[in-house]
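What follows is a set of notes on a single structure, which appears directly below.
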Amino acid sequence: MASTHEQAGPPVFEGSGRAESARHAGTSGRAASMVAGGLTAMAGVLMMLSGVWNLLEGLAAILRHQFFVVLPNYAFNVSVSGWGWTHLILGAVVAVAGLCLLLDMTWARVAGVFLASLSAIANFLYIPYFPVWSIIVIALDVFVIWALLMPRRHPA
């Protein structure tokens with residue numbers, strides 16, 4: 001008498017990985033989509049935080065430019081007020097794009113990659129003015145770019 005739990009094909013031995021693969025084959029696409037969706041949401045939140053931080057940093061540079069100590073002999077010499085306006089505007093745009101990303105607007109993913117790249121470049125050029133913070137923001141921007149470029153699978 002045949003059992004209802006028998007499988008057609010080669011026998012499956014415990015610990016071989018075949019049973020687990022067969023059992024989870026239908027859920028792997030859904031799990032990958034959930035992970036990508038979670039990373040996209042996290043990227044959106046990080047973009048909003050980074051945008052607000054850049055906006056506040058820009059305000060500080062505009063209002064109290066003597067707060068920032070400038071290293072001598074740096075290749076890119078821009079005034080602290082100029083960097084302040086750059087960070088203020090870029091921060092506002094990045095924060096809005098992060099909010100749109102959380103609202104699942106498709107264009108916000110492309111804009112997020114572009115803006116995170118632009119933010120990383122701006123913070124690289126800003127290293128002599130605020131070195132540690134610039135490197136932290138560059139690391140966050142790289143994570144955002146990675147999370148937004150991770151492939152998403154839409155359920156059929």
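Overview of results
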| item | result |
| --- | --- |
| Under the Karplus curve 6.51 cos²θ - 1.76 cosθ + 1.60, θ = phi - 60°, whole-Hz ³J(HN,Hα) for the stretch 97-105, x wherever Gly or Pro sits | 5, x, 5, 5, 5, 5, 7, 6, 7 |
| Burial order of peptide ranges 139-150, 90-101 (average beta-carbon count within 10 Å, highest first) | 90-101, 139-150 |
| With every protein chain in place, the stretch 47-156: carbon and sulfur % of accessible area (1.4 Å) | 77 |
| Accessible solvent surface per residue of the stretch 80-156, calculated while the other protein chains remain in place, 1.4 angstrom probe, Å² | 53 |
| Table column - 3J(HN,Hα) (Hz), the stretch 123-128, Karplus curve with 6.51, -1.76, 1.60, x for Gly and Pro | 6, 5, 6, 8, 3, x |
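The values are calculated or read from the model by the stated rules, or taken from the named source; none is laboratory data. The model shown is predicted, which means the values in this text are computed figures rather than measured ones. Here Cβ is always computed from backbone atoms with ideal geometry, including for glycine, and neighbour counts include all displayed protein chains. The protein model used for the area step is the full one, side chains on, heavy atoms only, and it has no ligands, DNA or RNA in it. Shrake-Rupley method; radii C 1.70, N 1.55, O 1.52, S 1.80 Å.
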